[in-house]
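The values are calculated or read from the model by the stated rules, or taken from the named source; none is laboratory data. All figures in this text were calculated on a predicted structure; none of them were measured in a lab. Backbone-built Cβ (ideal geometry, glycine too); neighbour counts: all protein chains shown.
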Amino acid sequence: MIALDRLGAPDRPVCPYCYTRLTRRLILFRCGGRPGPDGRRCDPSEDAELRAHLGRREHLPPVFAADGRRPRAACPHCGASTGTRVCATCHARLPVNFGRIPGRLIALVGARESGKTVFMTVLIHELMHRVGARFEASVGGSDDHTRHRFRTDYEGPLYDDARLLAATRRTGAAREPLVFRFTTRPRGPWGRRPRHTLLSFFDTAGEDLTTEESVETNLRYLENADGVILLLDPLRMPGARAEAAPGTPLPPPERAEHPPLDMLGRVTDLLLRRTGSPSRPIPVPMAVCLTKLDVFHDALDPGSPLRRPQPDAPYFDGSDSRDVHAQIRRLLHRWDGGRIDAHITNHYADARYFGVSALGHAPDAEQRLRGGVRPYRVADPFLWMLGGFGVVPSREGRS
Ligand SMILES: Nc1nc2c(ncn2[C@@H]2O[C@H](COP(=O)(O)OP(=O)(O)OP(=O)(O)O)[C@@H](O)[C@H]2O)c(=O)[nH]1
Ligand SMILES: [Mg+2]
Ligand SMILES: [Zn+2]
Ligand SMILES: [Zn+2]
């Protein structure tokens, strides 16, 4: 599989926090802050890189350079030994076994209000529960920071308080992805051995996608992403608005020419740069998802694949996915006049269409979710990617 060889190459792993491609020499160590053999000790202070790149204001002992291929090094200031390896760019602590297990960086992009933050929260929750059980996988935060932030900023408000999350603020480079570890025990010639994959999710602020300049500065991480999930809100498409369930609050009609298409164009330009040749289609897997499908449930034909129960077998179901792809393509033509479909087909070598509903029903006028989160097909785009990377089994079925 091309993706695995090209992107999983452990000799040049990508930092899951700042998406810099690292060589072993770009791995630094952080002093543990405990007294060294002669009693000297390093004091914690604010780490400027951690703050500049990830917006974290922690006071920590200093970082220093040493042989990043080794698991431990001695601090040159105090002499104490440490096993904490950090990225040379952002100074985040690298996950255990970093560089020895493949990492998959998945970027979530979409215009404002397209549903990215809700989608990411529900996807991760589903991975930890239902999808985990379906694939006998375990999923957990890879660092304390991710565990804490996911719980208090994302999962808690939505699942415990049934509150929708505020718009993701644009904060320049100072935003941090959530990093998880996905572990399965596939059957192999030597029995069942644990296999880990690091997953890094970067939730873009829709605001960052509104101009070319801000795409340039805020989306550089896209150049090193292994897959892109692009969310499109059908309520922004002229033809779909009339088919939405009665009473659905509609976003104001767009003034500009065609904002979802403009946004997609900026993302494409960035990805084209990394392929190096404008005449080659972009190889990065691109999952294009229409969100908030619950609003269109009644407008869909009763035989539509988007009204089937979501797949729950322990493999990615390629045949069901192709049915959904064909249906979404028809909807894109009906709702949007086919311009998004034409753009995707012309630029991407490996694109697939999906339809999802993260919430399962619309929140009320106060943005509260009565009746809980009832997701539909939220994991499909993600499982399609993991199937392509060889991380979960996939069955193609008839073609
Ligand atoms: N009906 C329905 N509404 C949804 C769904 N997901 C999101 N929404 C609505 O869309 C709004 C925006 O969702 P967010 O996830 O915050 O959107 P975003 O793309 O992160 O927006 P920015 O952070 O501003 O870029 C939510 O407040 C909900 O009202 C869904 O599955 N169904
Ligand atoms: Mg958001
Ligand atoms: Zn980094
Ligand atoms: Zn020290």
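Only one of the listed residues (Arg322, Arg370) is in the same structural domain as Glu136 (by TED's automatic domain parsing) and in a helix (DSSP H, G or I). That residue is Arg322. For segment 262-293, the set of residues classified as over 18 Å from Leu222 (Cβ atoms), at pLDDT 90 or above and either surrounded by fewer than 20 Cβ atoms within 10 Å (Cβ to Cβ) or not assigned by TED's automatic domain parsing to the domain that holds Arg241 (or both) is empty. Taking segment 48-69 as the range and being under 12 Å from Leu28 (Cβ atoms), at pLDDT below 95 and assigned to a loop (DSSP other than H, G, I, E, B) as the test, the residues that pass are Ala66, Asp67, Gly68. Scan segment 336-362 for residues that are farther than 21 Å from Met120 by Cα and either outside the structural domain of Asp233 (by TED's automatic domain parsing) or out of contact with any Phe, Trp or Tyr (no Cβ under 9 Å at 6 or more places or on another chain) (or both) and the total you get is 13. If the condition is being surrounded by fewer than 19 Cβ atoms within 10 Å (Cβ to Cβ) and in contact with a Lys or Arg (Cβ under 8 Å, 6 or more places away or on another chain), then segment 51-61 contributes Arg51, Gly55, Arg57. The residue pairs whose first member lies in segment 36-61 and is in contact (Cβ under 8 Å) with a residue 24 or more places away in the chain and among the small types (Gly, Ala, Ser), whose second member is surrounded by fewer than 17 Cβ atoms within 10 Å (Cβ to Cβ) and assigned to a loop (DSSP other than H, G, I, E, B), and whose beta carbons are closer than 9 Å, counting only pairs six or more residues apart or on different chains, are Gly36/His77; Gly36/Gly79; Ala52/Ala173; Ala52/Ala174; Gly55/Thr171; Gly55/Gly172; Gly55/Ala173; Gly55/Ala174.
Every residue, every condition in (1) touching a Lys or Arg at 6+ places or on another chain (Cβ under 6 Å); (2) at pLDDT 75 or above, yes or no:
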residue: His196; (1), (2): yes, yes
residue: Ala225; (1), (2): no, yes
residue: Thr248; (1), (2): no, yes
residue: His258; (1), (2): no, no
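Looking only at residues that are of a type in the set (A, V, I, L, M, F, W, C) and closer than 10 Å to His91 by Cα in segment 36-51, which one is farthest from ligand 3 (Cβ to nearest atom)?
In this case the residue turns out to be Ala48.
Scanning segment 78-135 for residues that are small (Gly, Ala, Ser) and buried (at least 18 other Cβ atoms within 10 Å of the Cβ) yields Ala80, Ala88, Ala92, Gly99, Gly103, Ala107, Gly110, Ala111, Ser114, Gly115. In this structure, is Gly115 away from ligand 2 (no atom under 16 Å from the Cβ) and modelled with pLDDT of 90 or more? No: the conditions fail for Gly115.
Does Pro35 fit the bill of being at pLDDT below 95, away from ligand 1 (no atom under 16 Å from the Cβ) and under 24 Å from His196 (Cα atoms)?
Details: at pLDDT below 95: yes; away from ligand 1 (no atom under 16 Å from the Cβ): yes; under 24 Å from His196 (Cα atoms): no.
Considered against the rule, which asks whether it is at pLDDT below 95, away from ligand 1 (no atom under 16 Å from the Cβ) and under 24 Å from His196 (Cα atoms), Pro35 comes out as no.
Go through (1) in contact with a helix residue (DSSP H, G or I) (Cβ under 8 Å, 6 or more places away or on another chain); (2) among the charged types (D, E, K, R); (3) within 16 Å of ligand 4 (Cβ to nearest atom) one by one and return the number of the condition Glu113 breaks. All conditions are met except number (3).
Of the residues in segment 145-160, how many are closer than 19 Å to Leu105 by Cα and surrounded by fewer than 20 Cβ atoms within 10 Å (Cβ to Cβ)? Write out each step before concluding.
Here is the first cut: in segment 145-160, the ones closer than 19 Å to Leu105 by Cα are 145-147, 149-150.
If we keep only those that are surrounded by fewer than 20 Cβ atoms within 10 Å (Cβ to Cβ) as well, we get 145, 147, 149.
Counting residues in segment 145-160 that are closer than 19 Å to Leu105 by Cα and surrounded by fewer than 20 Cβ atoms within 10 Å (Cβ to Cβ) gives 3.
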